[in-house]
Every structure is written in structure tokens, then in C-alpha cells.
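Below: one structure, written as C-alpha cells.
The values are calculated or read from the model by the stated rules, or taken from the named source; none is laboratory data. Predicted model, so just to flag it, every value in this text is computed and none were measured. Positions of Cβ are backbone-derived with ideal geometry, glycine not excepted, and every protein chain shown enters the neighbour counts. These area figures cover heavy atoms from the full protein model, side chains too; ligands, DNA and RNA do not enter into them. Shrake-Rupley method; radii C 1.70, N 1.55, O 1.52, S 1.80 Å.
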Amino acid sequence: LFDMVDGTFRIAARINVSDEFADVSEVPLDPGTVIGRTFIEKRTIHIEDLLAWKDYTRPENQRVGGQRSVLCVPLLHGDAPFGVLNLMRKQVRAFSDSQIRLAETFADQAVIAIEDARLLAELASKTQKLSDLNENLEAQVEEQAADLSRHVQLRNFLPDKIAEAVLSDEGSDLLTSHRRNIAAVFCDLRRFTSFSESAEPEEVFLVLQQFHAETSRIVSELNGTIVTRMGDGVLIVLNDPIPIDEPVTKALRLAETLRTALRELCQQWQEYEFDVGFGIGVAYGYATLGTVGAESYQNYTAIGTVVNVASRLSDMAGDEEILVTQRAKTEAGKSFDFELKGKLDLKGITRAVNIYGLTSSMEQAGEVLDD
């Protein structure tokens, strides 16, 4: 059985054919060979004596194989030939009509078997490719779901463009544990406990929703990072996870913007007789920052004295007051006006610290700062 490969016929299967003959049996697409003419004319060719065939052009093959009587039947897929069934005898003995019909029937069945095998191989290949594609798709879906979950978590405390930077290839290490100087801003509501005891749950929920919506908007605009939301309070840091220039200056402007926005909210709440105020604390110093938690769910956090000080200052601040540490005041330079509040002892802090009240106002409340 010969098939066509690159314009040449080669043995695909053989019975009672010597290795010597098989080694020289590559046949070109030549009408001077029985195989070639069968392929070209797409019909059965029967040569009773090959040596008597005047058109024969491959006597070297005959010398090796010794064939005399030859019967060739084309293998046709539709009207397209792709191989030849070749029967040979070493003596001159013509093939009978019944033998020719049997060979043609065998060729037809061989074509069906070959096509079935091809289709099965193609189906197996496609099935394997589909299986590989499904595995890759499942892996991609899992990876995208993990990225989406991480992105959603990051959006809880990072502005969109900072979240994008953290999720980039270059930002994969930004949330690992590290030390950095940060400006910490802590803001919480005044008299919220007594308000929540007397107000309806829906009213408490409304106040908290408006408070956190407004703080989130301002923090996002001014490139801060919300580290913690604690019911009626929020902790914001600047200079992490993306470092920025003049973090204290921007933290104080963020605090002023918060004061302006929350003052308006408190006035709205007063109209409904909701007696709620707010205080803000700002500190500057080193903290340890990064994500903590289980693999399936992690939170970004900041740990250090600077965070504790900002929280204590917020607790001590009067309504609409912004209290600032001396180090934060020094870092801010002359961009703001401050009023000394005294040297105060803060719970959890071993030494007394100078506390200042921020008295200046921004030229335009709510101004969005550049990175």
C-alpha cells in the first residue's frame, strides 16, 4: 500500500515484500510507472507483463523486486486520490476479473478504514486540545477570580490608581510587611454612642453610611490610604503603599478637607436633631505596614506608635478640632498656622508630647492634590 508524501509514493504497508525492494521503492509521480499512472488517471491499471510495457520508466525497481504482473487500484477520497493499492506477481500471470473486483472492493474498504482512523485521530486531538483549553480556562478563571477578589479588597482601602499600581507586576511586593515613615490621620465621630442609643437603627445606619462615604471620597481624591474603618472612626495613612512627596503637608490638607466636609454633614444631622460631632488627630512617624490575615482574606494594616498617637489625639480633640503632634507641625513647615495646646500625656505614650491645634484653612477646600 503506497501513500503520497511530498510528491513521492512511499510504502505505507507491505506484505511479502523484501526489505531490499522496500528500500528502493520510492516512486515519483510519473506516468511511466504503474503506480504513478494509476494515481494520475484515478483508475485501476492492470499490466500483465511489466517488461513488455513500452512506457515503463523504472526498470531498476523491477530488477530488485522482480515483479512481472502488476495490478494497481487508486485510493480515492471522493474524487481525490491519496494512495495506491499495489499487487505484484514475480511471474507473468494476469489477475482475473474477480481478483480485480476484490482488490477494488478492498481498496474502497481501506479508504473507509483510513478515513475513520483519521477522523478518530482528529477527534482525539481535538478532545485533548479541548481538555487542555478547559484546564487553562479553569486556571485563568481561578486566577482572574483571585485577582478580582484582591482588587475588590484593595479598593476597600486604596484609591483606584494606587490599587492598580499595587496589582501590577511591579507592585507585587508593595503590600509585604515593611517599615516606613507615614502621616497618620485619625477621624471619629463625637457623642456617637449616646446618639446610637437613642436613635432608630435606620438613622444610625444613615449617619455611618454618609460619614464613611464622605471620608472615602476625600481620601480617594487626595491619594490617602484607608487602613481601618471602625464603625464611627477611620484611620488614614499617607506615604504608603505608594510613597508620595510631602506626606505631612498632604495629610494636613486632607484633614482640613475632612473638617470642611464633615462640618456640613453635622449641620445636616443637626437639622434632624442628631447630636453628632467629630474630631481629627494627625501624627507623623515610623510604622510597620502590610497585609495580615489568612490566604483567602487579608487586610492591609499599620502598626506603631504613630497610629496610637493619631488615635489618642482624635479622642482628645474637641468638635471640629484638628490636633497635631509637634513632629508633624515641624514637617509641615510654614504652610499652616498652629496653636499650641500644651504638653499633654497621652494614654499608652511614655512621655508627654507637645500638641498643636491646626487653625489655618486651605485656599480652596476639597482641592485635589497631584501625586
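Things worth noting here:
- Residues that are open to solvent by 50 Å² or more (accessible area, probe 1.4 Å) and in contact with a Cys (Cβ under 9 Å, 6 or more places away or on another chain) are absent from the stretch 50-66 altogether.
- Selection of first residues in the stretch 177-191 that are among the β-branched types (Val, Ile, Thr) and of second residues that are open to solvent by 40 Å² or more (accessible area, probe 1.4 Å) and in a strand (DSSP E or B), restricted to Cβ pairs under 9 Å at least 6 apart or on distinct chains, gives the following pairs, ordered by first then second residue: ILE182/TYR286.
- Candidate set from the stretch 90-117 (those that are among the β-branched types (Val, Ile, Thr) and part of a helix (DSSP H, G or I)); member that is nearest to the chain's Cα centre (by Cα): ILE114
Residues are listed down the side, and each one gets a yes or a no for (1) in contact with a helix residue (DSSP H, G or I) (Cβ under 8 Å, 6 or more places away or on another chain); (2) assigned to a helix (DSSP H, G or I); (3) modelled with pLDDT of 90 or more:
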| position | (1), (2), (3) |
| --- | --- |
| VAL17 | yes, no, no |
| GLU20 | yes, yes, no |
| PRO31 | yes, no, no |
| LYS54 | no, no, no |
| GLU60 | no, yes, no |
| ARG63 | no, yes, no |
| CYS72 | yes, no, yes |
| PRO81 | yes, no, no |
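- Selection over the stretch 193-249 of residues that are within 23 Å of GLU273 (Cβ to Cβ) and more than 31 Å from the chain's Cα centre (by Cα) gives a count of 23.
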